[in-house]
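The values are calculated or read from the model by the stated rules, or taken from the named source; none is laboratory data. Note that this is a predicted model, so its numbers are computed, not measured. Cβ placement follows ideal geometry from the backbone for every residue including glycine, while neighbour counts extend to all protein chains displayed. SASA here: full protein model, heavy atoms, side chains in, ligands and nucleic acids out. Shrake-Rupley method; radii C 1.70, N 1.55, O 1.52, S 1.80 Å.
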Amino acid sequence: MEKERLLHLYKNLLYPRLIEEKMLNYLRQGKIGKWFSGIGQEAISVGCTLALEEEEKIFSMHRNLGVFTSRGIELKQLYAQWKGMSEGFTKGRDRSFHFGAPDHNIVGMISHLGPQLSLASGVALAYKLREEQKVSLAFTGEGGTSQGEFHEALNVASVWKLPVIFVIENNAYGLSTPTSEQYACEKLVHRAKGYGMKSKEINGNNILEVYETIQKIAKKIRKNPEPYLVECRTFRMRGHEEASGQKYVPPELIEQWAHRDPIATYEQYLISTDVITEAYKEELYAELKEKIRSELAEVDTYSLPESTAEIELGDVYKEGEVYEEESSTTVTEMRFIDAITEGLSYGMDNYDDLVLMGQDIAEYGGVFKITEGFVEKYGRGRVRNTPLCESAIIGVGMGLSIAGMKSMVEMQFADFVTCGFNQIVNNLAKVHYRWGHNADVVIRMPTGGSVGAGPYHSQSTEAWFYHVPGLKIVYPSTPADAKGLLISAIEDPNPVMYFEHKALYRTITGDVPE
């Protein structure tokens, strides 16, 4: 590797470490309220980020400061975020790493961890459908691999051959739970075989190994899309967050990994190969420390967040284009179910980026035959049968939105939405309020009783969502409303829960404008 690239990696590796050391001092001084340390894991964040192209989206976690700094985000804005200032990414609503930076193609994490893997699959699906030859990359910890969404996201990515890299930062502890109590397999990469997915285990403390591995994988799957699972062996040198401490970690284990520090070992390599000298090293430390000092000083002039009902409510939904289209005077009498089909057809005809997803909705046309004939008209790329994993598919829908596309997810029955509840109420509903992105997703749900379908196919679930800010609920009662409200739901840039009472499908008719 050329000297210029080696030095570029070194500067990007050292910078987040020096920021962290400063933040730990600030934490003790009470200038910030919490901190999730990534000391000892910087090579993963920095190596992965620099191996990708800047427009490719990354899904970050608690300990990925190196992602933000390697993408060129100014420290003063990061510090404003950690201090809870209005100039931060979440306008003072969150003081940690639970934020995204859309302008830098960084997607904010969700505390539930697993769901962001499905979002990364959704972004990768958008890349594949648009033939853009890009990859998405999502981080998770070894603890996050125990969640059901880990399985769902990897399974969908494998079935659909999506260009996404799943990176496991295996740092030996999920908060205080050791890996021996987290999973029984010898290595997490062994799980990839069950998905028909390629995988690789690497030394997560070696910046060159991380960078070259991710760069090689990304180059390959941009041309031939398929997912990859990469397990990075590393160690968290401090507590899960500073308040938790490390009393549960054997001291000899900390000492053992201290000798594998990614910065110290890389510096030794650069000096031994005459890439840098001790004098250069000292100069770089001084230069970066001064840069940190000057940027942090400016934040002291920033403002505390202002909270008013107008501000808070104004951020719950993305403001969409509002217009009224005059209905055609020509009407056709049709059944409720046929009006829904017409509404979907209108959306597909008018939005080339609209993707329909659901169990058995392609050639079979769905259990109620609403999408019958759609595959022949719009193709399998836009009308997609899904594996039986509601949560991941809703997450894929949000990922498509992050990539600028629209989606409609069909629950086979409204009752099954329980399997995707977390994605709906904690991701779709909150994303615009949290850091300004929107979830352009419609979830269609055949709902209600009166058809003798029993307790798992007859529930009316709208009340579950009525208490969640950020969602819109639609429940049509006439064929004209069924078509018109579905079109409005598709056009709306916010998440819409669209309920269809099954007992109305083939029992009522009405005039519907063409």
Quiz item: Restricting attention to region 285-337, which residues are among the hydrophobic types (A, V, I, L, M, F, W, C) and surrounded by 12 or more Cβ atoms within 10 Å (Cβ to Cβ)?
Solution: Leu288, Ile292, Leu296, Val299, Ile311, Val316, Val331, Met334, Phe336, Ile337
Quiz item: Which condition number in (1) assigned to a helix (DSSP H, G or I); (2) in contact with a helix residue (DSSP H, G or I) (Cβ under 8 Å, 6 or more places away or on another chain); (3) open to solvent by 10 Å² or more (accessible area, probe 1.4 Å) is the one that His457 fails?
Solution: (1)
Quiz item: What do you reckon, is Leu400 under 13 Å from the mean Cα position of the chain (by Cα) and either more than 18 Å from Met109 (Cβ to Cβ) or modelled with pLDDT under 95 (or both)?
Solution: yes
Quiz prompt | Of all residues making up region 165-182, the number that are out of contact with any strand residue (DSSP E or B) (no Cβ under 7 Å at 6 or more places or on another chain) and part of a strand (DSSP E or B) | solution = 3
Quiz item: What are the pairs, 6+ residues apart or on separate chains, where a residue within region 210-232 that is over 19 Å from Thr265 (Cβ atoms) has its Cβ under 6 Å from a residue that is of a type in the set (S, T, N, Q) and open to solvent by less than 80 Å² (accessible area, probe 1.4 Å)?
Solution: Pro227/Ser158; Leu229/Ser199; Glu231/Asn170
Exercise. Exactly one condition in (1) open to solvent by 50 Å² or more (accessible area, probe 1.4 Å); (2) in contact (Cβ under 8 Å) with a residue 12 or more places away in the chain; (3) closer than 30 Å to Ala243 by Cβ is not met by Glu181; state its number.
Key: (2)
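Kindly indicate whether Val275 is of a type in the set (A, V, I, L, M, F, W, C), open to solvent by less than 40 Å² (accessible area, probe 1.4 Å) and either more than 29 Å from the chain's Cα centre (by Cα) or farther than 20 Å from Pro16 by Cα (or both). Break it down stepwise before answering.
Working: of a type in the set (A, V, I, L, M, F, W, C): yes; open to solvent by less than 40 Å² (accessible area, probe 1.4 Å): yes; either more than 29 Å from the chain's Cα centre (by Cα) or farther than 20 Å from Pro16 by Cα (or both): yes.
Considered against the rule, which asks whether it is of a type in the set (A, V, I, L, M, F, W, C), open to solvent by less than 40 Å² (accessible area, probe 1.4 Å) and either more than 29 Å from the chain's Cα centre (by Cα) or farther than 20 Å from Pro16 by Cα (or both), Val275 comes out as yes.
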Quiz prompt | Out of Lys198, Lys193, Lys216, sole residue that is open to solvent by 70 Å² or more (accessible area, probe 1.4 Å), of a type in the set (D, E, K, R), modelled with pLDDT of 90 or more and in contact with a Pro (Cβ under 9 Å, 6 or more places away or on another chain) | solution = Lys198
Quiz item: Does region 19-28 include one or more residues that are β-branched (Val, Ile, Thr), open to solvent by less than 10 Å² (accessible area, probe 1.4 Å), farther than 22 Å from Thr213 by Cα and in a helix (DSSP H, G or I)?
Solution: yes
Quiz item: Only one residue in Ser96, Ser121 is open to solvent by less than 10 Å² (accessible area, probe 1.4 Å), of a type outside the set (Asp, Glu) and part of a loop (DSSP other than H, G, I, E, B), so which one is that?
Solution: Ser96
Practice problem: Check whether at least one residue in region 391-414 is without any contact (Cβ under 8 Å) to a residue 60 or more places away in the chain, open to solvent by 20 Å² or more (accessible area, probe 1.4 Å), touching a Phe, Trp or Tyr at 6+ places or on another chain (Cβ under 8 Å) and not charged (D, E, K, R), and report yes or no. | Solution: yes
Self-check item: Odd one out for Leu486 among (1) of a type in the set (A, V, I, L, M); (2) part of a helix (DSSP H, G or I); (3) farther than 30 Å from Ser111 by Cβ; (4) open to solvent by 10 Å² or more (accessible area, probe 1.4 Å)
Solution: (4)
Exercise. Find all pairs meeting these conditions: Cβ atoms under 8 angstrom apart; at least six residues apart or on different chains; first residue within region 280-308 and over 24 Å from Arg434 (Cα atoms); second residue in a helix (DSSP H, G or I) and open to solvent by 50 Å² or more (accessible area, probe 1.4 Å).
Key: Lys281/Ile271; Leu284/Lys11; Leu288/Lys11; Ile292/Lys22
